[in-house]
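Beneath this line is the structure, given in structure tokens, with notes to follow.
The values are calculated or read from the model by the stated rules, or taken from the named source; none is laboratory data. Because the structure is a prediction, the values reported are computed rather than measured. Here the Cβ is made from the backbone with ideal geometry for all residues, glycine too, and neighbour counts use every protein chain on show. Remember, those area values only see protein heavy atoms, side chains included, never the ligands or the DNA or RNA. Shrake-Rupley method; radii C 1.70, N 1.55, O 1.52, S 1.80 Å.
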Amino acid sequence: MRIRAYQAADESAVIALWRECDLVRPWNDPRKDIQRKLTEHPELFLVGLIEEEQVATVMAGYEGHRGWINYLAVSPAYRRRGYGRQMMAEAEQLLRNLHCPKINLQVRTSNRSVIEFYQRLGYAVDEVVSLGKRLVKDDGNAA
């Protein structure tokens, strides 16, 4: 698998992959999520290709205190081949290059297989409660 930074022409295929992997939620417009990401460390938004087919993505972020992982996706047809591990290794290296001291990520508690995947990569459950507050609805209105 070849890994490279996201390009504008990737948008439709990336969104289709996210939908195939059940990562898209009604309250998050994936196009807006992509546009938001492209304003902050766009080089941390990666796609994985086999030949020219997009089979994986990861969106990493860093704000100076913590790194974050979002939208790690591997096409179901390509799972269990190490591609998710490769995408994470590349994202981790890019964050290391930025001197990021720690990576956080969020996984729905019901998604045991993904939690176990991250645990195999050395991630551990932090004893914290994740809180969130929507500032902007993706329909453009204030929350």
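General observations
- Any hit, the range 72-79, residues being among the aromatic types (Phe, Trp, Tyr), buried (at least 18 other Cβ atoms within 10 Å of the Cβ) and modelled with pLDDT of 95 or more: no
- Positions within the range 5-40 being in contact with a strand residue (DSSP E or B) (Cβ under 6 Å, 6 or more places away or on another chain), farther than 20 Å from Val107 by Cα and either open to solvent by 50 Å² or more (accessible area, probe 1.4 Å) or not aliphatic (A, V, I, L, M) (or both), in sequence order: Tyr6, Asp10
- Boolean, Asn111 is surrounded by 10 or more Cβ atoms within 10 Å (Cβ to Cβ) and without any contact (Cβ under 8 Å) to a residue 24 or more places away in the chain: yes
- Beta carbons closer than 7 Å, at least 6 apart along the sequence or on distinct chains, pair a first residue in the range 119-137 that is under 13 Å from Thr109 (Cα atoms) with a second that is surrounded by 10 or more Cβ atoms within 10 Å (Cβ to Cβ) for Ser130/Gln106.
- A search for C-beta distances below 6 Å between a residue of the range 53-66 that is among the basic types (Lys, Arg) and any residue that is open to solvent by less than 50 Å² (accessible area, probe 1.4 Å), counting only pairs 6+ apart in sequence or on different chains, returns Arg66/Asn104.
- Residues of the range 46-65 that turn out to be open to solvent by 70 Å² or more (accessible area, probe 1.4 Å) and assigned to a loop (DSSP other than H, G, I, E, B), as a count: 4
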